[in-house]
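Undergrad: Below you'll find the structure I mean.
The values are calculated or read from the model by the stated rules, or taken from the named source; none is laboratory data. These numbers were taken from a predicted model, which means no experiment stands behind them. Backbone-built Cβ (ideal geometry, glycine too); neighbour counts: all protein chains shown. Side chains are part of the model used for accessible areas, which takes the heavy atoms of the whole protein and leaves out ligands, DNA and RNA. Shrake-Rupley method; radii C 1.70, N 1.55, O 1.52, S 1.80 Å.
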Amino acid sequence: MNIAREIRALNALVLMNGLKPIVRSPLWLVVELSFPLTLIFFISLYASEKAVSEALIGAAISLMTLSGLALQSDVVWLRVELKFQDMAVASPISPTTYMLGLALSELAYSSPAILLIMVLMILRGMITLRSIPLILLSLILCWLFATSLGFYLSTKITDLRHIWALSSLLSVLISMLPPVYYSIELLPEWARILSLIIPTTHAALLAKDAVSLTSLTLLNKFISLTILLTWTITLTIIAAKRSTWREK
Amino acid sequence: MEAVVSEDLVKIYEGGVKALDSVSLSVKSGIVFSLLGRNGAGKTTFLRIMATQLLPTSGRGYVLGHDIVSEAGKIREKIAVIPQESRPMYILTVKEHVKYFLMMRGLPMNEASQRSSRIIRDLGLEEYSNMLCMKLSGGLRRKVLVAMAMATEAEILFLDEPTTGLDPLSRRLVWDVIQRASMSGQTIFLTTHYMDEAEKISNEIAIIHSGRLLASGTLEELKKLTPYKLKAEIPSDSIRIEELSEYGRVLKLGRRIIVYMADEESSRKLHDYCISMRTPVTFSPLSLEDLFIKLVGENEYS
Ligand SMILES: Nc1ncnc2c1ncn2[C@@H]1O[C@H](COP(=O)(O)OP(=O)(O)OP(=O)(O)O)[C@@H](O)[C@H]1O
Ligand SMILES: [Mg+2]
């Protein structure tokens with residue numbers, strides 16, 4: 001692998017699908033922010049300070065997850081509508097670099113929003129130096145698993161309307177419904193158990209533990225990390241091995 | 001060295017459509033090669049298989065000596081494509097398209113920038129260089145795709161209908177760029193529905209029909225496939241078709257009758273006959289288009 005060449009390819013994809021389009025239609029940055037900020041606003045209206053802090057953590061996690069899932073629509077659009085993927089397949093770029101480049105371009109859209117959430121958390125005194133590694137780890141793992149899931153699904157689906165529907169549904173199921181914005185303790189027993197299947201639940205648990213909004217035992221921390229890692233690694237392998245690059 | 005070789009290539013799509021039926025074809029290095037065929041003949045399918053975008057059902061294929069199935073990686077270093085019906089991203093400028101595409105293929109930014117300026121000039125796109133593609137006309141958008149592929153300077157370029165939608169002058173600019181690429185040693189494999197284009201710029205031509213290869217070779221070689229040298233066109237409502245078979249091979253195409261003739265003698269006789277019947281007739285030498293209509297037409301209606 002030629003590192004310089006890979007970096008150029010990533011740079012090109014980020015410019016092409018991220019930075020340039022953002023500069024030319026910056027409204028998207030506001031769109032990215034509007035969803036988590038609206039939820040935080042609602043929560044702040046009738047819940048405690050602690051709930052608002054939890055929602056902020058949730059917003060960061062959900063933004064990273066949504067950024068990964070957003071890859072789906074772009075990949076399908078580039079492949080089906082523009083036939084751009086055909087040009088990429090018949091070129092030296094690898095599917096992994098293509099996926100990563102597009103995923104980073106999606107991140108360019110959400111990073112100002114994530115940064116703002118981070119600043120809010122710092123202003124509220126939630127983040128300490130010691131909490132940073134675990135917060136970052138859970139955010140990055142969320143992004144990776146959602147990106148892999150998004151890319152894998154996008155190479156299997158040929159209709160843009162299907163992917164829009166699927167992407168919206170997954171967004172709700174993975175980033176809104178499970179205890180990401182709110183505390184897992186609010187759920188009844190059965191729902192709590194069900195929510196433990198979902199990787200974002202664990203990412204939220206770990207991040208909330210890092211900022212002392214909840215306190216996990218060492219064993220629970222280990223279990224959460226294992227489940228989150230298992231999801232991420234499994235989906236990354238599936239994306240790398242099972243995504244359709246050359247059509248059958 | 002052969003640039004593109006296929007041996008008994010078969011493609012059956014999911015659902016059972018047989019798009020290619022045992023196609024064996026060979027394209028020499030450094031030439032312009034045109035693949036012709038009716039809509040649905042299998043041109044895009046063939047091109048996509050050879051350009052490693054689609055797997056064949058059976059048969060073998062080699063690009064620059066590399067197996068299309070097991071050595072796709074090596075092939076992808078050396079090729080570039082323009083897919084049929086591709087279009088640029090509306091939110092990028094012409095120059096950005098070419099430049100970023102080259103960078104995506106691994107070129108340093110400086111070189112990508114220089115090469116894109118050069119191809120943009122060669123294709124007469126300079127005045128649009130910094131314009132967003134959403135503001136370009138359909139033909140100009142197509143030209144952006146041509147620029148992207150040509151700027152790669154790849155050893156083999158697979159161009160699926162590169163000039164569809166282009167005005168006559170733009171088409172000639174593209175032909176120039178293609179011919180220059182071929183003179184510098186690149187191989188160009190293209191599909192087209194424009195017979196004059198194939199005739200003018202290609203060194204060799206192949207015709208496929210319903211997934212089968214009907215003919216391939218130089219224009220001269222293809223012309224030898226038929227004994228006919230001349231053709232006559234007659235409106236079909238003015239004459240009885242049966243009367244014409246003594247002059248040559250007769251083909252009815254919509255409201256026209258076409259008679260293919262082997263020699264001057266037959267054409268003189270047909271001329272006299274048409275005058276006696278007071279029906280208009282035009283004669284011309286056999287062109288690639290006639291050859292295409294004859295070969296494909298015979299297969300279609302026989
Ligand atoms: N993805 C697909 N799935 C199923 N059938 C397909 C698919 N793509 C093409 N076909 C079928 O394969 C045959 C060949 O199609 P192809 O696109 O190769 O033709 P073509 O010669 O390029 O035609 P055109 O001149 O219209 O571009 C057609 O019958 C077409 O319907
Ligand atoms: Mg086609």
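Undergrad: Could you tell me which of B:T192, A:L194, B:G106 has its Cα farthest along the dipole of the protein assembly as shown towards the positive end, charges placed at Cβ (Lys, Arg +1; Asp, Glu -1), taken about the Cα centre?
TA: Checking the options against the dipole of the protein assembly as shown, the answer is A:L194.
Undergrad: Under a Cβ-Cβ cut-off of 10 Å, what is the net charge of the residues other than B:H193 that fall near it, where Lys and Arg count +1 and Asp and Glu count -1? Before the final figure, lay out the partial values.
TA: Numbers: positive: B:R38, B:K43; negative: B:E161, B:E197.
Local charge sum for B:H193: 0.
Undergrad: Further, regarding this structure: Charges at C-beta only: +1 for Lys and Arg, -1 for Asp and Glu. How large is the resulting dipole of the stretch B:230-285 about its Cα centre, in Debye rounded to 20? Working shown, then result.
TA: Numbers: 9 positive and 9 negative charges, 52 e Å.
So the magnitude is around 240 debye.
Undergrad: At 1.4 Å probe radius, can you tell me the per residue accessible area of chain A in Å²? Mind dumping the intermediate values first?
TA: Values: 11560 Å² over 248 residues.
Accessible area per residue, chain A: 47 Å².
Undergrad: State the percentage of accessible surface on the stretch B:91-242 attributable to carbon and sulfur atoms; use a 1.4 Å probe and exclude ligands, DNA and RNA. Don't skip to the answer; put the middle values down first.
TA: Details: 3070 of 6200 Å².
Solvent-exposed carbon and sulfur of the stretch B:91-242 make up 50 percent of the total.
Undergrad: Next question. In the stretch A:83-153, carbon and sulfur make up what percent of the accessible area (probe 1.4 Å)?
TA: On the way: 2080 of 2650 Å².
Of the solvent-accessible surface of the stretch A:83-153, carbon and sulfur hold 78 percent.
Undergrad: How big is the dipole moment of chain A about its Cα centre under a simple scheme where the beta carbon of each Lys and Arg is +1, that of each Asp and Glu is -1, and everything else is neutral? Debye, nearest 20, please.
TA: I would put it at about 520 debye.
Undergrad: What whole number of Å gives the distance from the Cα centroid of the stretch B:2-76 to the Cα centroid of the stretch A:96-168?
TA: 39
Undergrad: Two decimals, Cα atoms only, Kirkwood Rh: what is Rg/Rh over chain B? Before the final figure, lay out each step's value.
TA: Details: Rg = 21.9 Å, Rh = 21.0 Å.
Checking Rg against Rh, the ratio lands at 1.04.
Undergrad: Rg and Dmax of chain A over Cα atoms: what are they, in angstrom?
TA: Both quantities, over Cα of chain A: 18.3, 55 Å.
Undergrad: Nearest 500 deg cm²/dmol is fine: what mean residue ellipticity at 222 nm does chain B get from its DSSP H runs of n ≥ 4 alone, each adding -39,500 (n - 2.57), divided by its residue count?
TA: Working: 10 runs with 108 residues, N = 302.
Helices in chain B give a 222 nm mean residue ellipticity of -11000 deg cm²/dmol.
Undergrad: With unit charges on the beta carbon (Lys/Arg positive, Asp/Glu negative), name the residue among A:V14, A:N220, A:L45 whose Cα is farthest towards the positive pole of the charge dipole of chain A.
TA: Final value for the positive-end residue is A:V14.
Undergrad: To continue, here is another question. At a probe radius of 1.4 Å, figure out the B/A buried accessible area, summed over both chains, and give it in Å² to the nearest 100. Don't skip to the end; give the middle numbers.
TA: Working: alone 14670 and 13190 Å², together 24670 Å².
About 3200 Å² of accessible surface is lost on pairing.
Undergrad: From the alpha carbon gyration tensor of the stretch A:54-158, can you work out the equivalent ellipsoid semi-axes (sqrt of 5 times each eigenvalue) and give them in Å, largest to smallest? Walk me through the intermediate numbers first.
TA: Details: eigenvalues 200, 30, 24 Å².
Values for the stretch A:54-158, descending: 32, 12, 11 Å.
Undergrad: Now, a different point. Throw me the Rg/Rh for the protein assembly as shown, computed over C-alpha atoms with Kirkwood Rh, two decimals.
TA: Working: Rg = 30.1 Å, Rh = 26.8 Å.
Taking Rg over the Kirkwood Rh, I get 1.12.
Undergrad: Hey, another quick one. Which value, in nm² and rounded to one decimal, describes the direction-averaged projected area of the C-alpha convex hull of the stretch B:230-285? Mind showing how you got there, number by number?
TA: Values: hull surface 12.9 nm².
Approximately 3.2 nm², given one-decimal rounding.
Undergrad: So, one more: Provide the per-residue ³J(HN,Hα) series for the stretch A:91-103, in order, calculated from phi with Karplus coefficients 6.51, -1.76, 1.60 and θ = phi - 60°, each as a whole number of Hz, with x at glycine and proline positions.
TA: Per residue, the Karplus-derived 3J(HN,Hα) values read 8, x, 5, 8, x, 5, 5, 4, 5, 5, x, 5, 4 Hz.
Undergrad: Averaged over B:41-53, how many beta carbons belonging to a partner chain fall within 10 Å of each residue's beta carbon? If you can, show how the numbers build up before the last one.
TA: Working: counts 0, 0, 0, 0, 0, 0, 1, 5, 2, 1, 6, 5, 10.
Other-chain Cβ atoms within 10 Å of each residue's Cβ, averaged: 2.
Undergrad: Sticking with this structure for a sec: Under a point spin-label approximation (7 Å from Cα along Cα-to-Cβ), what is the B:K252-A:Y46 distance to one decimal in nm?
TA: 7.9
Undergrad: Can you give the net charge of the other residues whose Cβ lies under 14 Å from the Cβ of B:G106, counting K and R as +1 and D and E as -1?
TA: Values: positive: A:R5, A:R8, B:R76, B:K78, B:K99, B:R105, B:R115; negative: A:E6, B:E77, B:E111, B:E153.
Overall, the nearby charge balance is +3.
Undergrad: Listed highest first by mean packing, meaning other Cβ atoms within 10 Å per residue, what order do A:235-241, B:289-295 come in? Working shown, then result.
TA: Values: A:235-241: 15.9, B:289-295: 19.7.
Put in order of decreasing packing, that is B:289-295, A:235-241.
Undergrad: Using only the C-alpha atoms of the stretch B:1-106, find the volume of their convex hull and express it per residue in Å³.
TA: Values: hull volume 14.5 nm³, N = 106.
Spread over its residues, the Cα hull of the stretch B:1-106 gives 137 Å³ apiece.
Undergrad: Hey, got the dipole for the protein assembly as shown? About the Cα centre, +1 on K and R Cβ, -1 on D and E Cβ, debye to the nearest 20? If you can, show how the numbers build up before the last one.
TA: Numbers: 57 positive and 52 negative charges, 179 e Å.
Result for the protein assembly as shown is approximately 860 debye, rounded to the nearest 20.
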